[in-house]
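Bear in mind these aren't lab numbers, they're just calculated from the coordinates by the rules spelled out. Small disclaimer: the values here were computed from a predicted structure and weren't measured. Virtual Cβ from ideal backbone geometry, glycine too; neighbours counted across all protein chains shown.
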C-alpha cells in the first residue's frame, strides 16, 4: 500500500468497510462517540435507536423527524440532530394501562 495516493487509499478503505457492511460515515458518526456528537447519519441514528435505517428514513420522509440535508441533490447526505431524535422517540412512548 506504499504507492497509494489519498484517493486510492480511500477507495481501498471504503471497499474493506463495505465487505463488513459498514461505511466510513458509520464509524465517524457512531453513537458510541462522546456525548458531544450532536448530529448522526441515518445509519447511526438507527443504531442509536435500535431500529432499522428504513424506520428512520420513513420518519424523516414523513417529516416526523427533522432532517439536515447537506446537499440539494436527491442522493445528498442527511443528518439528524440527536435531540430531535430523542424527542421523536419520546413522542412514540405509550402508556401501559
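Take residue 69 and residue 51, extend 7 Å from each Cα along the Cα→Cβ direction, and tell me the distance between the two endpoints in nm.
Simple spin-label model gives 2.1 nm for this pair.
Report the gain in length on full extension from residue 61 to residue 23: 0.36 nm times residue separation, minus Cα-Cα distance, nm rounded to one decimal. Could the numbers behind the result be given before it?
Numbers: separation 38, 0.36 × 38 = 13.68 nm, distance 2.23 nm.
That works out to 11.4 nm of additional length.
Would you order 22, 9 from fewest to most other beta-carbon atoms within 10 Å of each residue's own beta-carbon?
Numbers: 22 14, 9 11.
The most exposed by this proxy come first: 9, 22.
Apply 1/(1 + (r/R0)^6) to the Cβ-Cβ distance of residue 12 and residue 37, taking R0 = 35 Å, and write down the FRET efficiency to the nearest 0.05.
Values: r = 26 Å, r/R0 = 0.75.
So, using R0 = 35 Å, E works out to roughly 0.85.
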